[in-house]
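Worksheet for the structure shown next.
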Amino acid sequence: MSGGASIFCDYRCHPPSGGSSSVLTSAWSTISPILAVATSNKQVVFFQDEGVADGSGVISNANGVASKLGWQPGTRSIAIGWKSGKMEMWTYNPTVSQSGSEESKEQDPRKGGARNGISACTCLNANTSIHSSEITFLVWNPSGSRLITGDASGICCVWKADKGGLTPSIQYRKPAGLTTAVFCGMSKEADKASLLSSAYSPSFFFGSANGTVSYADDLGHCTPVQELSSSVDSLVFYAAKMRLVIITRSLLMTQLQVNEDGRVTPVMKVKLSVAGDAKDKGVTNVVWAGPGLLASACNENMIRFWDLAKDENYVLTLKSASSDSDHRQELSKNRAISLAFNPLQRYLAVGTRDGTVLMWKFTGDYSSKASLKGKNSTNAADWKSIPAGKIEGAVDTLQWGPGQGLLAAGSSFGAVMLSENVLHRALNNGVAAIQVSSTTVSVESRNMDGDGEETHSQLVQADINVKGLVVDEKHLVVWNGNTAQVYEGFGEGSSVSRQIADFPCPARSLALRADTLFMALENRLVITNLQGVQRMSVSFTEAEGQPMMLATNNSYLAVVTDTGVIKLFDVSRKEPKPLGSSGQFVDQRTNKSLGVIRSIAVNADGTRIAIMSDKIHGSLKIREPDSNLYVYDSDRDVVEPFDFAPSGRIPTSAFWDPKEPKLLVVETRKGSMSAPEEGNKTNIFSPGSKSPTRITSEDADSPEDEDGQKAEETKAETPEIPARVTQSTIQSNAEVEVSTMFVDSEYGIRLQQVMPLEPPMQMLLGISVPRLYFVQNESEVDDPDASLQEEKEGESKADGRSGPTLCSTVMRDFVGLADVDPQTLTALLDFSYYLTIGNMDAAYRAVKLIKNTTVWENMAHMCVKTKRLDVAEVCLGNMGYARGAAAVREAKKEPEPEAAIAMVAIQLGRIDDAAKLYEECGRYDLLNKLYQGQGQWDKAIEIATKSDRIHLKTTHHQYAKYLETIGDTAGAIRNFERADTYKTEVPRMLFDQTRIEDLEDYIMQGNDIELLKWWAGYCESLGHFEKARRYYARANDDLSLVRVACHNREMSQAADIVAETNSKSAAYHLARQYEAMGEVQEAISHFNMSGCYNHAIRLSKAYGLDSELMSFALKSRPSSMIDCAQYFEKKGEYEKAVQLYQKGGDNNKALDLCFRSGKDGKGGDTMFDVLKSLAENLGENASMVEVERCAEFFIENGQAAKAVEILWKQAKKYDYAIDLCLQHKVKIDEEMAEGLTPPKSDDPVEAERRIETLKKLAKACKKLNVFHLACKKYTQAGDRLKAMKCLLKSGDTKNIVYYAGASRNKDIYVLAANYLQSLDWHNDADIMKNIISFYTKAKAFEQLASFYEACSQVEIDEYRDYEKALGALKEAKKHIEKVKPVTGTSETMATSLFGRISVVERFVAARRGMKGGDGREAEGICLDLLDGGSETEQAIRVGDCYALLFEYYHGDKRMDDAWAMMEQMKDRNILLKPYLDLVMMEDVSRATGKELDEGPKRGGGGGGGGGGGEISDDDIGEELDESIEESMGEESMGSEGGRK
């Protein structure tokens, strides 16, 4: 049995009490189709399938109406929240009733309604103590162990549920009324095991009217997590991303990320743009319509969708549900007020204000693969409208029930059930049952007679709504899930069917074999006779699950359970016999379930089961058809997949042949998954296999088919699919396709043929070799001889009805052989099988005795796919196709084997396959020729443009020739132009057509230079000179214009043309004409204009025009210049001769002539200038002899600089040039220095020679006082020390410091520091720092100590700052101690420093004592120092010590002692004025009465310090100026030697 189209039937739910009342709320049971409805007459009524009310299932409450209902998951218990705040828990056990009687009895509000004294409802408990106001929400947790309720007064209660009812657990009180609640997604830990899941209750969120959202659990924890500005209308939980989605009355959507501990993080807030009255009533009709996809009905003429996964939104308008313009206009004025989504079938139902129920089905792809295929998110195009219905009043509520296609709609007039009825069909041994309405089944049977097949048809009108059917040769069984009815009386000789049985049958599935029925009931397989009397049953364990689907074929029965267990039975005997062990519908590698089984079919020998399934997505458990067809192989206990996704299809039904166990036929329809791009196809074929065949409506009668992928491409591309399974990637626009396959244990699933199913055929019904059977709509059949070769089963029915009927078509490999004997039929079936698996030898053996060209043609077609050229030649021979065989033999000369196979395809008319083969082997040239031969010029040009560009112009040319033959001259001209052959072909074509005027117009419009010249020449040949001149002028052909003018002896006009256009060719032609006429001067002038100077020279020499000869010679080529130079040399005009020799490249001759003329005195004074110019213009290719001779000449004439330049530029005589520089004091600049530098070389000898030259050049620069260039060249030569010495001579302090720092050489550091000491270092801190730094880096501690000692002396002499001097002396002492090994000099210096430091320290102490008031001690120190002799004089200035004592005595009024100090200073030849204050001296003089005398007693004017006298800076400067290099060099070397 297989399902087809479906229709929705509406059933009005009439309450047992009669009348009508509005629906307040409703709820479906989770385990059975039972609907609980709360009505406005204070009742809760229970309805079963098809709207049948249970009279014993009524709950009443006189105190008010029910506000919320909620069935406990997995049970028949329901929680009811009343408007008064009362909470009740009821159990419902329905009585079996199908009558829908409206009898009513007095009902006990506690016991519910009673019928025949039996109550279907039992109240477990009631509670009025928790809530005192209207229950606003009632939500069960997933396991049904906890219930949360909230009321309008702000109380939230958590209830524990058990067999005894509801028990309050935790209460939370809030200041505002509660509005909605939602449980969080189950945590991963709790979802791992069912035992944990049943005991674990996830936390939940609830919202209130004041905008507060709280997080709570069943353990007493409750925390506000969000405060919003308006009432919370909707709360939904996005489990995939663990987000809470909140929609408030102010239309604000907020997303909160929920952590494991309940903490939330705001993710997004967005203001919703919603029209209607949503601002007043809020957005409360919000449902999940897919993973991450929210849908809402907001009283608008559209449904709004928010894709939270992609952060996108879109709308689905109500008018999109209809294609009728009037209905669309009506819907555009309607408003959506309710909606519900069915994840099982992906149906979205929408209720409107006028009672219309609209419905859409999601046809997109929910899976994650969608993003990999470039599809970013869902959109309105993914929703396909389907017919629904209409009820009375506005559709206030919508709810989907359990199972498929069961919808409850509530309004103010009551409840209506909309039930989807699928129109089933079945085929068994030639008898077909086709459901045409909810209660009508058409049974058609066929039988064979001498004239062919005959069809008998009967209509069966059942008493029930048919929801399933099975059929065999004699019986039809229909059932609706509660009742089964059996009919018989079909086939030849029977005109009326009759019902033979009617019995209760609550089975999930039925199967029929002969007089035995098999029922899937609860956990048993029940076996009964046709009257429903049970014969026996087979029980299934809890682990195996409950049987869900049954299928029979011959004597075999297949059973699958809800847990995916697969069982096979042999039912040929009285008791079913299990075949092998049970199988599992799981992935063999991961052992994970492959999905939920949707349909099964068992093969003829009971070894394989074809399975179609659905995939499950997300927490909504959305079911999506799997694109895989699975085949369970019981012999190997494996499940093999065949994926239709690459072709963008999903399998909808599958049928096995009743006799051939390997043959399977599958119906597929377009699915949501798009086919992969060409480069990403996942089609694979095992080695030796072949691709599927696709038959179109144009060639269904023909065995021709298209080629698929290469067999060699199979294994590498999709490792996730076993290589034994082949897949289809062939694209088709047909909505429905039929695929035939062969399945065996050795080769797996092999696709044989793909055929599009086109009107009037609607769906596949089954297979019985050699025919495929279909359901067709008889009203759509226009021609009984349609191209699909349908064999209509019988004439029009006697009752005149039109609708679904049976039809068949012959399978491809049996075309023309449908009525053969069984032996031939078996051979043909083997032939098809071997062709499918690619075994051409076995296929040939199977049919080698069959003398039917159709069979051989079929094999030839398959040889194209399998690329068996040898077999193809045999097939063409057996077909008697001599021309085709000859063409194939010729094609075998091509190097690519695919080219020969392509020729076979061409001979068989398989042009598309030939094109694919040519493309596969890269023979685009042959593909181009193929398209040209087929007249497919657009494709030929496309191929040439993309892949065969070498033949692109040829293709356009051939196309133009073709267009010429069919009279399309304009098209031919366009393609001749594209082929770039228009210059010859277009004139030829138009001449052949005697369309001279059109040709002239074409040339004029095209403005092509060559064509204009050609046409002008044509006119000139006809003597039409004026016309020729016009076209020559348009083509800018000046030569031809001059030629025509000269021909007509219009020389002045020709001269004007030449003067105006400056055309060289025209000038040359005119010059020749003038020469012929004897007008030499004009000829020379025009030869000059044409650039033909040799002709001008020839005439000038011939006629002695020397004045013009020189100008022509300078413009001519070198050979002419040499010739003219010789001419001038003979005539004694040496200057001109030399110039021309030089211009002509004979420099040696020019120089020789210069020297000879100079020595002979023939050159005059100007020859030197000529030679100078000649030397300056010598190129790089000049010989050494020439260069040296020029250099000698310049030296002799006092031009040494010029000689040097020539030597280094031309002769590369670097040493000689350097010597000349020194000899003649030639100044060397930067450019010359670089020119005198030899290039680098890898040759060691040349490298050494280069260094020597660099040193020589550096020495020359030094002697010529170009110190910076000397430094540079010494550096390039690697002698940095000499480079530094040269740099020191330049006095460039900045570069000296930089060079020393960059060189990192001790000697250079010392040289730099020594040089810096010669500067004003005591007034420049940077110089002092560099001195210290360089000495330190060079580790020249002795020099550094000397520098510090000099610093101390400067402090004493210049500033009398003995404290700083003492610090400098200590630094000197510290550094002199670092000298290793100790030398005599360093030791002497260290001893001297120790003594000086001691003296200076004592003197500094004395000065401090004087200032500190301890004069006596300071006086003693100073007197001791004065008695110290030379040691004191070397350390301090003695005058400073006398001055200190003098000031002390003066201050102490000891004038005599002060005068004594003055006298002692005079005795020691120390000037008084630099040390003593004049006022003080006058005071002492007056006090002692002695005459003041400032001069020393003896000659001299010493200062008495630092060695007994002072040395001026001028003396130091003069000494440095005498020889800075020698002094610094010797000091450096000496210091280094001392250290050594």
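The values are calculated or read from the model by the stated rules, or taken from the named source; none is laboratory data. Since this is a predicted model, take the numbers as computed values, not measurements. Backbone-built Cβ (ideal geometry, glycine too); neighbour counts: all protein chains shown. Surface accessibility is based on the protein's heavy atoms, side chains included, excluding ligands, DNA and RNA. Shrake-Rupley method; radii C 1.70, N 1.55, O 1.52, S 1.80 Å.
Key figures for this structure:
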item: Verdict on residue 994 being among the polar types (S, T, N, Q), open to solvent by 30 Å² or more (accessible area, probe 1.4 Å), farther than 27 Å from residue 903 by Cα and part of a helix (DSSP H, G or I); result: no
item: Subset of the range 288-305 that is open to solvent by less than 30 Å² (accessible area, probe 1.4 Å) and of a type in the set (A, V, I, L, M, F, W, C) - its residue that is nearest to residue 621 (Cα to Cα); result: 289
item: In the range 434-459, the residues that are more than 60 Å from the chain's Cα centre (by Cα) and either modelled with pLDDT of 90 or more or open to solvent by less than 20 Å² (accessible area, probe 1.4 Å) (or both); result: 458
item: Those residues of the range 33-63 which are open to solvent by 10 Å² or more (accessible area, probe 1.4 Å), at pLDDT 85 or above and farther than 16 Å from residue 79 by Cα, in sequence order; result: 33, 40, 41
item: Matching option when the condition is of a type in the set (Asp, Glu), in a helix (DSSP H, G or I) and open to solvent by 30 Å² or more (accessible area, probe 1.4 Å), among 330, 392; result: 330
item: Qualifying residue in the range 1040-1052 (condition: under 22 Å from residue 1117 (Cα atoms) and either in contact (Cβ under 8 Å) with a residue 40 or more places away in the chain or in a helix (DSSP H, G or I) (or both)); result: no
item: Condition check for residue 315: touching a strand residue (DSSP E or B) at 6+ places or on another chain (Cβ under 8 Å), over 30 Å from residue 159 (Cβ atoms), open to solvent by 10 Å² or more (accessible area, probe 1.4 Å) and assigned to a loop (DSSP other than H, G, I, E, B); result: no
item: Considering residues of the range 1384-1397 that are farther than 24 Å from residue 1428 by Cβ and at pLDDT below 75 only, the residue surrounded by the fewest Cβ atoms within 10 Å (Cβ to Cβ); result: 1384
item: Output for the range 900-946, where each listed residue is open to solvent by less than 10 Å² (accessible area, probe 1.4 Å), among the small types (Gly, Ala, Ser) and closer than 23 Å to residue 886 by Cα; result: 900, 902, 905, 914, 915
item: Hits in the range 366-401 (condition: among the hydroxyl-bearing types (Ser, Thr, Tyr) and at pLDDT 85 or above); result: 385, 397
item: Subset of the range 883-899 that is farther than 19 Å from residue 866 by Cα and free of Cβ contacts under 8 Å to residues at least 12 places away in the same chain - its residue that is most open to solvent (accessible area, probe 1.4 Å); result: 893
item: Positions within the range 1115-1158 being closer than 20 Å to residue 1104 by Cβ, at pLDDT 75 or above and of a type in the set (Ser, Thr, Tyr), in sequence order; result: 1116, 1120, 1127
item: Out of 1460, 1443, sole residue that is modelled with pLDDT of 85 or more and among the small types (Gly, Ala, Ser); result: 1460
item: Selection status of residue 490, of a type outside the set (Ser, Thr, Tyr), crowded, with 20+ Cβ neighbours inside 10 Å, within 30 Å of residue 461 (Cβ to Cβ) and more than 60 Å from the chain's Cα centre (by Cα); result: yes
item: Listing of helices (runs of 4 or more DSSP H) fully contained in the range 1057-1105 that carry 1 or more residues being β-branched (Val, Ile, Thr); result: 1080-1090, 1093-1102
item: Where a residue in the range 799-828 is within 23 Å of residue 755 (Cβ to Cβ) and modelled with pLDDT under 75 and its partner, wherever it lies, is among the aromatic types (Phe, Trp, Tyr) and surrounded by 20 or more Cβ atoms within 10 Å (Cβ to Cβ), with Cβ under 7 Å and at least six apart; result: 813/831
item: Meets criteria (touching a residue at least 24 places away in the same chain (Cβ under 8 Å), among the aliphatic types (A, V, I, L, M) and either surrounded by 20 or more Cβ atoms within 10 Å (Cβ to Cβ) or more than 17 Å from residue 1436 (Cα to Cα) (or both)) for residue 1368; result: no
item: Test: residue in the range 722-733 that is at pLDDT 65 or above and either open to solvent by 40 Å² or more (accessible area, probe 1.4 Å) or farther than 27 Å from residue 867 by Cα (or both); result: yes
item: Every residue from the range 1249-1268 that is surrounded by fewer than 17 Cβ atoms within 10 Å (Cβ to Cβ) and either over 18 Å from residue 1280 (Cβ atoms) or in contact with a strand residue (DSSP E or B) (Cβ under 8 Å, 6 or more places away or on another chain) (or both); result: 1249, 1263, 1264, 1265
item: Among residues of the range 1333-1365, those that are open to solvent by less than 70 Å² (accessible area, probe 1.4 Å), without any contact (Cβ under 8 Å) to a residue 60 or more places away in the chain and part of a helix (DSSP H, G or I), counted; result: 18
item: Selection count, the range 401-430, where residues are touching a His at 6+ places or on another chain (Cβ under 9 Å) and either within 22 Å of residue 469 (Cβ to Cβ) or among the β-branched types (Val, Ile, Thr) (or both); result: 0
item: Test: residue in the range 255-271 that is in a strand (DSSP E or B), surrounded by 20 or more Cβ atoms within 10 Å (Cβ to Cβ) and either modelled with pLDDT of 95 or more or touching a Ser or Thr at 6+ places or on another chain (Cβ under 9 Å) (or both); result: yes
item: Qualifying residue in the range 1493-1509 (condition: at pLDDT 60 or above, surrounded by 11 or more Cβ atoms within 10 Å (Cβ to Cβ), out of contact with any strand residue (DSSP E or B) (no Cβ under 8 Å at 6 or more places or on another chain) and not in a loop (DSSP other than H, G, I, E, B)); result: no
